[in-house]
Amino acid sequence: MYAQTVKRQNLVIVRAGNSSLHPEWLKGVDARNWDLVVNYFGDDPDLYKEDDVTRIDSKGPKWPALQELLQSNSEFLSDYDYIWLPDDDLFATKADINSLFDLVKNYKLEVAQPALSWDSYYSHITTLRNSMTKIRFTNYVEVMAPCFCSAMLRKALPLFNSNLSGWGLDYLWTQLAENPQSGIAIIDDVTVRHTRPVGGPNYKLLRETGISPWDEMRALCKAHGLDEAPVLLTHKAIRHDDVLITAEKNHYRFVSDFVFGYLPALAYTRDRRRMLRRMAGGVWKGLFRLPDRVTERA
């Protein structure tokens, strides 16, 4: 361990390999409102050892390793208001992370994530930034970058070793939230970039055992009484004009904001055909009030 010297209200814990992007998060002279723990899984004895950063080494998949880390360092849950658990391939600035913590506090969120930039690698279009809204209150925050209030993290922690990939955990937040329609959100006012394709060494390990992340997701959802093809929902959103719209009362405004919110992404996306398919599917489901189910063929 290499200990930090400053104590702040918020904490970032990054499960970091040798090519982690977290050094970018620390650049600049401005103050930060978060402490940093680098949970290093590589083999370089000197990497990431610097002032005002804590390095704690451990091996293994992200979520079981984070469970062990948090259980072994209970002060992380007791001493901090909010804890962000991002993947190490997210490009963000210090200001981005400061804003993330400010907004989750201002909106009294239980679990949230920054939106992904339009040129990011992504799984679900709902995680990409919608240019029409400041924040969208959803039933889904991806395991790539969840930010928890400490009370929510205590409840979620026992689930972290449910599987290797972490897939499926992101559909369980609604079962744990005190206020599932207002406590879970994707924050469009903060955008980070996911720089690598979805996958990694844990996925290779799963393939070697004949199991896919999809298998793990379906099994975890089933074990907790959820549909094996879970539905992604957006309950309400706050637009840039500060107007609150709800899916129930402002249905067609939701569809309109979906179209115009993601239309600019076509100029930046890595795969325009895929984006067009996702947009067309979203419009079709929105207009006809069809469930947005997560399936392997989606």
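The values are calculated or read from the model by the stated rules, or taken from the named source; none is laboratory data. In this text, all values refer to a predicted model and were calculated from it rather than measured experimentally. Neighbour counts are summed over all protein chains in view; Cβ atoms, including those assigned to glycine, are modelled from backbone coordinates with ideal geometry.
Computed values, structure above
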| item | result |
| --- | --- |
| Qualifying positions in the stretch 20-49 - over 19 Å from N98 (Cβ atoms) and either surrounded by 13 or more Cβ atoms within 10 Å (Cβ to Cβ) or touching a residue at least 12 places away in the same chain (Cβ under 8 Å) (or both) | S20, N39, Y40, F41, G42, D44, L47, Y48, K49 |
| Cβ-Cβ under 9 Å pairs, at least 6 apart or on other chains, the stretch 202-225 side surrounded by 17 or more Cβ atoms within 10 Å (Cβ to Cβ), far side at pLDDT below 85 and of a type in the set (V, I, T) | P213/V198 |
| Output for the stretch 286-298, where each listed residue is in contact with a helix residue (DSSP H, G or I) (Cβ under 9 Å, 6 or more places away or on another chain) and without any contact (Cβ under 8 Å) to a residue 40 or more places away in the chain | G286, L287, R289, L290, A298 |
| Members of the stretch 50-65 found to be closer than 18 Å to F101 by Cβ and buried (at least 16 other Cβ atoms within 10 Å of the Cβ), listed by number | V53, T54 |
| Residue in the stretch 54-66 that is over 24 Å from G166 (Cα atoms) and among the aliphatic types (A, V, I, L, M) present | no |
| Test result for M144, at pLDDT below 95 and either in contact with a helix residue (DSSP H, G or I) (Cβ under 9 Å, 6 or more places away or on another chain) or small (G, A, S) (or both) | no |
| Enumeration of residues in the stretch 91-119 that are surrounded by fewer than 24 Cβ atoms within 10 Å (Cβ to Cβ) and either touching a His at 6+ places or on another chain (Cβ under 7 Å) or of a type in the set (S, T, Y) (or both) | T93, S99, Y107, S117 |
| Some residue of the stretch 82-100 being β-branched (V, I, T), closer than 30 Å to T234 by Cα and in contact with a strand residue (DSSP E or B) (Cβ under 7 Å, 6 or more places away or on another chain) | yes |
